[in-house]
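All remarks here apply to the structure that follows.
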2 protein chains.
Amino acid sequence: MTRKELVANIRRKKSFLCVGLDTELSKIPKHLLASDDPVFEFNKKIIDATIDYAVAYKPNIAFYEAMGVAGWTSLQKTVNYLEHYRSEVFLIADAKRGDIGNTSSQYAKTFYDKTYSGFDFNAVTVAPYMGEDSVTPFLAHKDKWVILLALTSNKGACNFQFQKVMTPEGERYLFELVLETSKKWGTPNNMMFVVGATQAEMLQSIRKIVPEHFLLVPGVGAQGGSLQDVVKYGINTQCGLLVNASRSILYASAEKDFGEMARAEAKKLKLEMEAELKLYGII
Amino acid sequence: MTRKELVANIRRKKSFLCVGLDTELSKIPKHLLASDDPVFEFNKKIIDATIDYAVAYKPNIAFYEAMGVAGWTSLQKTVNYLEHYRSEVFLIADAKRGDIGNTSSQYAKTFYDKTYSGFDFNAVTVAPYMGEDSVTPFLAHKDKWVILLALTSNKGACNFQFQKVMTPEGERYLFELVLETSKKWGTPNNMMFVVGATQAEMLQSIRKIVPEHFLLVPGVGAQGGSLQDVVKYGINTQCGLLVNASRSILYASAEKDFGEMARAEAKKLKLEMEAELKLYGII
């Protein structure tokens with residue numbers, strides 16, 4: 001999917017909601033456990049329930065891997081199911097991968113190359129620590145995106161991301177240097193950055209470095225970030241935001257009405273987003 | 001496996017060789033392609049051929065993921081096969097994972113919790129960018145290890161790992177700060193660090209920060225690092241090194257003799273290691 005298509009979907013759906021599919025067997029409604037593939041049955045229902053309000057889905061790969069071969073199979077079925085909605089959905093593998101070049105090439109095949117792995121994601125989240133040649137293999141795939149970690153929403157972001165580094169241009173936080181350096185590896189048409197919603201006040205300085213790029217923003221809802229603050233400091237003329245919600249939607253109910261409750265939660269977020277999009281003249 | 005047991009294996013086998021299982025369908029001998037699971041057949045033969053000379057095996061998870069469900073199945077069979085050799089083999093998932101706490105917990109289950117995922121690795125490689133709470137869930141599993149990226153062997157290590165950061169104690173390279181900070185999260189009994197062999201000259205300053213920890217050293221062989229330099233600057237009183245070789249062993253021959261040739265290559269490395277262990281009085 002191109003940036004133009006993504007922006008068109010945002011305008012049409014009046015939403016920049018990404019639904020995180022962090023599906024856990026221990027949290028899904030008990031009545032699903034009798035089915036052959038409870039994780040897939042759950043995801044299918046969540047997708048159907050939220051498709052009107054979401055422009056992106058983001059399976060969190062850890063939750064599938066943790067179930068071994070069975071989990072990987074559930075992920076494959078989920079991705080296949082999303083084929084029904086392919087033109088209206090930006091599909092992100094939240095995998096936080098990154099390794100030396102020939103290994104990153106394999107990870108890129110995993111998530112981008114359907115003939116090879118079975119998957120056809122639009123984007124993968126990638127960790128920056130190993131530098132340029134750990135990221136560029138993901139950018140070598142036509143029409144695919146890298147979403148690079150910049151500033152994350154967790155407490156541990158303080159350990160390294162907020163360290164002051166000295167550059168020829170002056171002092172920077174490490175995450176600012178990551179943005180400045182890595183934006184040269186791609187373009188706003190094939191790179192996005194992860195910026196946690198709990199760091200909303202930092203979005204102003206981030207937007208000075210990457211005014212045009214899309215930002216993937218986790219941490220609204222369960223992690224405590226504010227949608228309004230994220231928009232205030234992070235929105236740009238093409239929206240430029242994908243805001244993720246996972247647990248607040250997936251586990252809105254643990255009963256048979258989980259689909260309806262997930263839909264209601266997604267709709268609530270969509271209406272908030274619609275108001276913001278209007279406020280800032282995007283729609 | 002405890003550190004004591006690992007050191008005992010090193011002394012007994014007179015080797016600190018880790019064989020990296022970066023198995024690629026396009027590189028394995030053609031006659032294997034007719035079998036039901038060529039990747040597993042290849043790995044089985046490589047393991048049998050090198051077991052006398054290796055104290056560790058390190059499947060590179062990217063190469064299995066890239067084949068989707070089939071690859072994940074080959075990995076499972078490879079790990080099951082290594083059960084035959086369990087007491088003499090330290091088993092590393094080279095996965096470069098790391099995410100917020102509840103997601104890292106899932107990755108830890110993936111690789112450590114056999115009842116959950118089918119896997120029972122001794123260690124996982126983890127990326128440091130997201131900080132403490134992205135790493136500690138891996139340390140919560142009894143007798144399991146984290147191998148944290150510190151200084152990698154690729155060109156992109158220069159982008160961020162060699163950036164100068166300012167700390168209250170003075171200037172540091174980022175990778176030095178990663179070592180200083182993260183060593184407090186665990187102990188030499190449950191943490192190791194990745195240090196690329198192409199950075200051998202940095203091992204002296206690394207050893208000042210982490211004198212006791214084991215270091216996992218990739219980059220000898222295909223990537224051009226020198227075993228003798230790694231030992232000179234990196235060895236400690238309990239060896240403290242696991243040196244990885246992948247392509248030079250796996251693809252020593254593309255013919256039916258690939259097992260014998262892999263064994264010969266592993267033996268060559270083992271004999272070099274044995275000489276070093278004697279030189280430094282470890283055996």
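To check you understand DSSP bridge types, tell me what percent of the beta bridges within segment A:3-279 (both residues inside) are antiparallel, rounded to 5. Before the final figure, lay out each step's value.
On the way: 5 of 35 bridges.
Taking every DSSP beta bridge within segment A:3-279, about 15 percent pair in antiparallel fashion.
Output, in nm with one decimal and in ascending order, the distances from the residue B:204 label point to the matching label points of the other copies (7 Å from Cα along Cα-to-Cβ).
4.7
What aspartates and glutamates sit close enough to residue A:4 to cross-link, taking a C-alpha to C-alpha distance under 13 Å and skipping anything fewer than 8 places away on the same chain?
A:88, A:143, A:212
Using only C-alpha positions, report the orientation-averaged shadow area of the convex hull of segment B:98-221, nm², one decimal. Don't skip to the answer; put the middle values down first.
Values: hull surface 32.5 nm².
Orientation-averaged projected area of the Cα hull: 8.1 nm².
How many nm is it between the label spots at residue A:142 and residue B:143, if each spot is 7 Å from the Cα in line with the beta carbon?
For residue A:142 paired with residue B:143, the spin-label model returns 5.2 nm.
If neighbour count is taken as other Cβ atoms inside 10 Å, put A:209, B:235 in order from fewest to most.
Fewest-to-most Cβ neighbours within 10 Å comes out as A:209, B:235.
For segment B:228-234, just list the computed ³J(HN,Hα) in residue order, Karplus coefficients 6.51, -1.76 and 1.60, θ = phi - 60°, integers in Hz, with x standing in for Gly and Pro.
For segment B:228-234, the Karplus curve yields 4, 5, 4, 5, 3, 9, x Hz.
Could you pull out every residue, at least 5 positions away or on a different chain, whose amide H is within less than 5 Å of the one on residue A:20? Hs are placed 1.01 Å off N in the peptide plane, and Pro or chain starts have none.
Placed amide hydrogens put A:58, A:245, A:246 under 5 Å from residue A:20.
In degrees, nearest 10, range 0 to 90: what is the angle between the Cα axis of helix B:38-50 and the longest Cα principal axis of chain B?
Approximately 70 degrees, to the nearest 10.
Once the label point is set 7 Å along the Cα-to-beta-carbon vector, what list of distances in nm do you get between residue A:116 and its counterparts in the other copies?
For residue A:116, the other copies' label points sit at 2.9 nm, shortest first.
For segment A:20-80, divide the Cα radius of gyration by the Kirkwood radius and give the resulting Rg/Rh value with two decimals.
That ratio equals 0.94.
For label points placed 7 Å from Cα toward Cβ, what is the shortest-first list of nm distances from residue B:264 to its copies?
Label-point distances to the other copies, shortest first: 7.2 nm.
How do A:153, A:253, A:26 line up, fewest other C-beta atoms within 10 Å first?
Ranked by crowding around the Cβ, least crowded first: A:26, A:253, A:153.
Please report the antiparallel percentage of DSSP beta bridges with both residues in segment B:168-283, rounded to the nearest 5.
Roughly 10 percent of the beta bridges in segment B:168-283 run antiparallel, per DSSP.
Taking θ = phi - 60°, what integer Hz values does the Karplus form 6.51 cos²θ - 1.76 cosθ + 1.60 yield along segment A:189-206, in sequence order, with x for Gly and Pro?
Those phi angles translate into 8, 9, 10, 10, 10, 7, 9, x, 5, 6, 10, 3, 5, 7, 4, 4, 6, 5 Hz.
What ranking do A:133, A:257, A:99 get, fewest neighbouring Cβ atoms within 10 angstrom at the top?
Result, fewest neighbours first: A:257, A:133, A:99.
Determine the principal axes of the Cα atoms in the protein assembly as shown, then give the extent along each, sorted from largest to smallest and rounded to whole angstroms.
Each principal axis gives a Cα extent; for the protein assembly as shown these are 73, 56, 39 Å.
Residue A:145's amide H: which non-local residues (gap 5+, or another chain) put their own amide H closer than 5 Å, with H modeled 1.01 Å from N in plane and none for Pro or chain starts?
Those lying under 5 Å, H to H, from residue A:145 are A:123, A:124.
Can you tell me the length gained on complete extension of the stretch residue A:44 to residue A:205, counting 0.36 nm per residue apart and subtracting the Cα distance?
Working it through step by step, the gained length comes to 54.1 nm.
Could you tell me what percent of the DSSP beta bridges with both partners in the protein assembly as shown are antiparallel, to the nearest 5? Intermediate results must be reported in sequence, preceding the final value.
Numbers: 11 of 71 bridges.
Of those bridges, close to 15 percent are antiparallel.
5 Å is the cut-off here: which amide hydrogens, built 1.01 Å from N in the peptide plane, fall below it relative to residue B:283, excluding neighbours closer than 5 in sequence?
Hits under the 5 Å cutoff: B:278.
Pairs B:58/B:96; B:77/B:114; A:96/B:184; B:13/B:270: which exceed 19 Å Cα-Cα?
Pairs exceeding the cut-off: A:96/B:184.
Eigenvalues of the Cα gyration tensor times 5, then square-rooted: what semi-axes does that give for segment B:83-147, in whole angstrom, largest first? Display every interim value, and only then the final one.
Working: eigenvalues 85, 28, 16 Å².
Semi-axes (√(5λ), whole Å): 21, 12, 9.
Using 0.36 nm per residue of separation minus the Cα-Cα distance, give me the extension gain between residue B:164 and residue B:278 in nm, one decimal.
Gain on stretching residue B:164 to residue B:278: 37.3 nm.
What are the ³J(HN,Hα) values, in whole Hz, obtained from phi via the Karplus relation 6.51 cos²θ - 1.76 cosθ + 1.60 with θ = phi - 60°, for each residue of segment B:110-123 in sequence order, with x given for Gly and Pro?
Computed from phi, the couplings for segment B:110-123 are 3, 9, 10, 9, 4, 5, 8, 10, x, 9, 9, 5, 7, 8 Hz.
For segment B:3-279, how big is Rg over Rh, using alpha carbon atoms and the Kirkwood form of Rh?
Working: Rg = 18.1 Å, Rh = 19.0 Å.
Reported Rg/Rh, Kirkwood definition of Rh: 0.95.
Only the coordinates and a few stated rules stand behind these numbers; no lab work does. Treat the numbers as computed from the prediction; the structure is a model and nothing was measured. Glycine also receives a Cβ, built like all others from the backbone with ideal geometry; neighbour counts cover every protein chain displayed.
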